[in-house]
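K.L.:
Below you'll find the structure I mean.
The values are calculated or read from the model by the stated rules, or taken from the named source; none is laboratory data. As the structure is a prediction and not an experimental result, all values here were calculated from the model. All Cβ positions, even for glycine, are placed from backbone atoms using ideal geometry, and neighbour counts span all protein chains on display.
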């Protein structure tokens, strides 16, 4: 049974909830958020080392179904004039070695190099292509799964309007290990709306659908954050002054920092309280001392 979400921090500008994204969204009222900017965990890319995490579902179909259910709650929580900015990269059908999000742990093998496949298998951190089922059929090994496109088609069936597919062109990123295909140097960012008319400030928005931005180096132990400039562009274009920005996969608070810089309110949800602590530090906040002591006593 999924435990209920709990409040990690709240003031008049920022609120952080610890818990499962779907469970937390179901506790929120209708039409609450003016803008949602989020990047869910990508499929079998990182292990965040916590029960209930998203991204390590048994099959791509289960992953798609899970995200679709979460985003259906986002639709309810989003105001009629609101927008959803969804950053989601694709994955390949292949034997997959998953690394932890920490820069320190889980990235090195017995001798300090990249872990061998046998080491990862022994640690339960690998999977095989026979599990890569979509609509009951395996996707051939080495093929892209087309997860973003499949999800967007499902969301259109659910009533979302797809207004734009933006290419986030990366100016610097980690080397791509594949030698038999072009290196991946961009990720999609989708702009979706509930209605034909919605809040959009064309003066504050970028003029084109190719955004050239560097890759974030992460914050603290969270290595998967997108660049704050990407979130700022979304918020500046689509969130009214003093509006509420929601991120159901808050992580280290990149969207929170963007909302803070643009003087918007923020609501973030994440399974890990330590990631929320990173978000608080990035926005110049810290939890009251009595809360920290109470948290330590319970531990």
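K.L.:
Mind listing whichever residues of segment 166-179 are more than 17 Å from the chain's Cα centre (by Cα) and at pLDDT 95 or above?
P.N.:
Across segment 166-179, the qualifying residue is only 169.
K.L.:
I'd like the full set of residues that are in contact (Cβ under 8 Å) with a residue 24 or more places away in the chain and not in a helix (DSSP H, G or I), limited to segment 52-67.
P.N.:
Passing the criteria: 52, 53, 54, 56, 58, 59.
K.L.:
How do the helices (runs of 4 or more DSSP H) wholly within segment 202-299 filter down when requiring 1 or more residues that are modelled with pLDDT under 95 and over 20 Å from the mean Cα position of the chain (by Cα): which remain?
P.N.:
Details: elements: 228-238, 254-261, 273-282, 289-298.
Passing ranges, in order: 289-298.
K.L.:
Considering each residue of segment 81-113, count those that are at pLDDT below 80 and crowded, with 21+ Cβ neighbours inside 10 Å, and give that number.
P.N.:
First, the residues of segment 81-113 that are at pLDDT below 80: 95-113.
If we keep only those that are crowded, with 21+ Cβ neighbours inside 10 Å too, we end up with 101.
Result for segment 81-113: 1.
K.L.:
Select from segment 22-50 the residues that are part of a loop (DSSP other than H, G, I, E, B) and over 17 Å from the mean Cα position of the chain (by Cα) and write down the one among them that is surrounded by the fewest Cβ atoms within 10 Å (Cβ to Cβ). First the steps, then the outcome.
P.N.:
Applying the first criterion (part of a loop (DSSP other than H, G, I, E, B)) to segment 22-50 yields 27-32, 39-45, 48-50.
Going one step further and asking which of them are over 17 Å from the mean Cα position of the chain (by Cα), we end up with 27-32.
Values: 27: 13, 28: 19, 29: 8, 30: 10, 31: 14, 32: 15.
Filtering segment 22-50 for residues that are part of a loop (DSSP other than H, G, I, E, B) and over 17 Å from the mean Cα position of the chain (by Cα), the one surrounded by the fewest Cβ atoms within 10 Å (Cβ to Cβ) comes out as 29.
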